[in-house]
Amino acid sequence: MEMISTVLSILSCLFLWLLLFVLALLLMVLFVPFCYKVTVDCHEELSVNGRVSWCNFLARLKFSYAGERADGVLRILGINVGKFLAWRKKRKKKRAIKKKNKAKKKESKQKQAKQQPDSGEKPKEVKETQEEEHSEEKSRQQDEQQDDEQKKQQDEPSKGEQEKELSGEREEGKKKKKDSKRKKTTKSRVSIKERIKAVQNFLKSLSHMLHQIRKKASWGCRVKEFLQEENTRRMVCILKDNVVHLWRKLKPKVLRGKIEFGTEDPCLTGEILGVAAMFFACYGRNVEVIPDFNEEKLDWNLFIKGRVSLITILVIIIRIMISKEWNRFQKEIEELKEAL
């Protein structure tokens, strides 16, 4: 009994330590932020290089894009996940091939074991059977030649039969002329019927189009009512506030860049520069915007660096899901689907 109690106590301690380890990992994933760095260069071709890391060495993802080629490497504790998965696949294939080869060897051995008792036939009996088969084939060939000669003699037509065939061909020509006249009359009748059917199909398509237009009009009215309801307006406000809060948490901490642009028309470049000045509060002084009034070009580069924590995203999602407006919004969408 003492041994059983000690084993149970050890197992319970191990289970508790595992639970604590899993909880610690979850808390780290939620609260420790993911750091990201992205550099973008556009000089004749677009090239992107980036890195996402968590706890510096525990997990890293490197990605790049240049000339329609994309690459990515994921490392966990310094181990390349892609290479590890490829190695596992190769190992599984090798094991499957070995199993197949073993099964084939077993089957071949079984076949050889079955064929060994049958190999003790007498050679004289084999020769006799072969000679009998050869003689039978010769007799069959002779019979077939005789049958072919008889058929040729029967198939040769006489002169009287040829004259009968010519008269039959003339009568057939007359019948064909009569049949062609009848077909012309039937074709004219069929063409009238086809025209009537085409008109009927056109009218059906018109009625179907009108029915679809009425449906779309009713659908538009129903959607308009759905958008004008108070609950949908409240839901839009909630989404707007949460998205703004999320952007404040997720926006990059460092943003540097340089944009050089120009068009052949200096007036158009000035208008674009005015639009860019409207968004100066978003990108700030760290991004240089340089217009070129003489040449047409577009060269730019950006460096972005920031952090993202999963707990902020989860909190925003939970806020939206708990709200009463969300439940009402889901019900209204289901009702709208049923109505449409």
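Percentage of Cα-Cα pair distances in the stretch 19-85 greater than 16 Å, rounded to whole percent? Before the final figure, lay out the partial values.
Details: 1316 of 2211 pairs.
Percent of Cα pairs beyond 16 Å in the stretch 19-85: 60.
If you wrap the stretch 185-340's Cα atoms in a convex hull and average its projection over all directions, what's the area in nm²?
Directional mean of the projected Cα hull area for the stretch 185-340 stands at 19.6 nm².
On full extension of the chain, what length is gained from Ile272 through Lys105, given 0.36 nm per residue of separation minus the C-alpha to C-alpha distance? Don't jump to the answer; show the numbers that get you there.
Numbers: separation 167, 0.36 × 167 = 60.12 nm, distance 7.63 nm.
Between Ile272 and Lys105, full extension yields 52.5 nm more.
If I ignore ligands, DNA and RNA and count only protein heavy atoms, how much of Lys258 is accessible to a 1.4 Å probe, in Å² to the nearest 10?
80
Can you tell me the equivalent ellipsoid semi-axes for the stretch 1-124? Use √(5λ) from the Cα gyration tensor, largest first, whole Å. All intermediate terms of the calculation are to be shown ahead of the outcome.
Values: eigenvalues 579, 274, 8 Å².
Semi-axis lengths for the stretch 1-124 are 54, 37, 6 Å.
Percentage of Cα-Cα pair distances in the stretch 263-320 greater than 13 Å, rounded to whole percent?
Working: 1207 of 1653 pairs.
Everything past 13 Å amounts to 73 percent.
At 1.4 Å probe size, with no ligands or nucleic acids counted, give the accessible surface of Trp326 in Å², nearest ten.
We get 60 Å² for Trp326.
Once the whole set of protein chains is in place, how much accessible area is left on Phe202, using a 1.4 Å probe, in Å² to the nearest 10?
120
The values are calculated or read from the model by the stated rules, or taken from the named source; none is laboratory data. Quick caveat, the model's predicted, so the values are computed rather than measured. Surface areas here come from the heavy atoms of the whole protein model, side chains and all, with no ligands, DNA or RNA. Shrake-Rupley method; radii C 1.70, N 1.55, O 1.52, S 1.80 Å.
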